[in-house]
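The values are calculated or read from the model by the stated rules, or taken from the named source; none is laboratory data. Everything numeric in this text was worked out from a predicted model, so none of it was measured. Here the Cβ is made from the backbone with ideal geometry for all residues, glycine too, and neighbour counts use every protein chain on show.
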Ligand code: ADP
Ligand code: MG
């Protein structure tokens with residue numbers, strides 16, 4: 001009738017994952033007090049999923065048949081949940097399509113939000129709290145929100161293929177990341193520093209293994225794709241391609257986490273990277289091979305490994321290389337130097353230490369000596385259960401929201 005108020009149609013629809021366990025456990029509160037009201041104000045429809053356990057978000061994105069009806073997936077957590085969601089999508093036969101179609105939004109409430117920190121750094125935005133979270137909420141609910149392309153690293157173990165968006169660690173830095181878990185509730189992101197001190201001046205472990213890598217040639221930076229999130233019209237439910245025929249696909253074995261390696265064919269960023277030999281076969285003669293007693297190996301594809309920690313200043317969001325750093329026990333002058341190295345990460349001066357080697361690579365392979373005590377292999381903050389691992393820079397992108 002003449003008096004019916006005009007209700008404008010929503011500007012979009014998003015799927016929101018909240019990990020109530022992330023960071024110091026405040027994610028649900030961030031959602032309720034800040035994100036939910038903002039979504040309503042911005043007239044964005046949303047569906048909320050509060051994760052019940054590790055792997056829950058992955059199961060949802062593997063099983064849902066209506067993902068193309070959303071403009072974006074918003075993750076209220078740390079990098080770990082982002083990792084789950086991306087790799088869940090890549091397990092699907094239509095994963096490629098969904099990665100191009102869906103934007104990702106991160107509302108930081110974890111103890112590690114390196115991915116968003118890297119995008120904020122690239123966009124000249126602050127990473128200090130409470131602005132970091134507040135801005136993120138503004139950006140993911142802005143009708144003009146833009147999603148920026150960030151390329152993924154193709155990872156391979158003996159049993160599966162998957163993607164990394166941030167880091168691969170083994171040795172000291174990986175152990176700090178994982179074993180600081182026990183201080184999560186009390187210390188939040190301070191847990192990393194605390195664990196580091198305990199480790200260096202307690203029992204300093206070393207790790208035997210072989211590291212191989214293919215050095216990158218001259219830099220080749222392409223402007224990453226970007227799109228306007230809410231002006232993209234989501235597709236009607238029934239038009240999600242190929243997904244309904246998944247019975248016939250290799251990905252129906254969804255719980256193995258084993259992703260069809262055909263997906264990655266032709267998706268490597270450099271031609272020579274596509275001739276990476278399978279694990280178990282020798283690397284090409286162009287590769288460098290180092291065998292020894294390591295303190296750590298750390299590979300990064302973005303600048304930041306957590307807010308305020310710029311581990312790889314020269315990394316670009318979308319380029320043809322990843323940054324490899326490693327340190328051998330034989331090069332370490334003293335434990336004090338190791339402590340100074342860790343302390344210097346915050347001021348991004350850590351790569352000035354002589355015992356730390358830095359190389360830009362297109363591919364790397366890490367083969368711990370499994371007969372000796374080893375460390376966790378940690379990808380994007382998550383433990384990967386494997387005997388060896390290799391990675392290659394790829395042309396597969398996610399699109400992360402910012403302003
Ligand atoms: P943080 O930055 O605080 O570590 P993450 O997003 O990295 O936060 O999440 C840490 C881990 O919590 C991930 O491995 C994720 O799978 C797991 N997880 C997700 N939901 C839950 C839950 N409800 N309970 C326990 N763990 C969960
Ligand atoms: Mg984490």
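For the reader, a short list of remarks on this structure follows.
- A single member of 319, 369 is within 30 Å of residue 71 (Cα to Cα), more than 16 Å from ligand 2 (Cβ to nearest atom) and not assigned by TED's automatic domain parsing to the domain that holds residue 141, and it is 319.
- Count of residues meeting criterion [surrounded by 21 or more Cβ atoms within 10 Å (Cβ to Cβ) and more than 22 Å from the chain's Cα centre (by Cα)] in segment 365-383: 1
- One residue stands out in segment 156-172 among those that are under 17 Å from residue 211 (Cβ atoms) and surrounded by fewer than 24 Cβ atoms within 10 Å (Cβ to Cβ): the one that is nearest to the chain's Cα centre (by Cα), namely 156.
- Every listed requirement among (1) modelled with pLDDT of 95 or more; (2) within 21 Å of residue 114 (Cα to Cα) is met by residue 288 save one, (2).
- Qualifying residue in segment 123-131 (condition: modelled with pLDDT of 95 or more and within 14 Å of residue 78 (Cα to Cα)): no
- Any hit, segment 10-22, residues being at pLDDT below 95, within 14 Å of ligand 1 (Cβ to nearest atom) and closer than 23 Å to residue 118 by Cβ: yes
- Hits in segment 303-347 - residues which are out of contact with any strand residue (DSSP E or B) (no Cβ under 8 Å at 6 or more places or on another chain) and either in a loop (DSSP other than H, G, I, E, B) or surrounded by 23 or more Cβ atoms within 10 Å (Cβ to Cβ) (or both): 306, 308, 313, 316, 333, 334
- Selection over segment 170-195 of residues that are on the phi < 0 side of the Ramachandran plot, at pLDDT below 95 and in a strand (DSSP E or B) gives a count of 0.
- Screening residue 25 with (1) more than 18 Å from the chain's Cα centre (by Cα); (2) free of Cβ contacts under 8 Å to residues at least 40 places away in the same chain; (3) within 16 Å of ligand 2 (Cβ to nearest atom) gives one miss only, at (2).
- Scanning segment 110-133 for residues that are over 24 Å from residue 223 (Cα atoms), more than 16 Å from ligand 1 (Cβ to nearest atom) and surrounded by 15 or more Cβ atoms within 10 Å (Cβ to Cβ) returns no hits.
- Among (1) under 15 Å from the mean Cα position of the chain (by Cα); (2) within 16 Å of ligand 1 (Cβ to nearest atom); (3) surrounded by fewer than 24 Cβ atoms within 10 Å (Cβ to Cβ), the one test that residue 99 misses: (2)
- Top-ranked residue of segment 23-45 - restricted to ones that are buried (at least 22 other Cβ atoms within 10 Å of the Cβ) and more than 15 Å from ligand 1 (Cβ to nearest atom), ranked as nearest to residue 381 (Cα to Cα): 35
- Residue 91 crowded, with 24+ Cβ neighbours inside 10 Å, assigned by TED's automatic domain parsing to the domain that holds residue 19 and either at positive phi or within 15 Å of the chain's Cα centre (by Cα) (or both): no
- The one condition in (1) out of contact with any strand residue (DSSP E or B) (no Cβ under 7 Å at 6 or more places or on another chain); (2) modelled with pLDDT under 95 that residue 354 fails to fulfil: (2)
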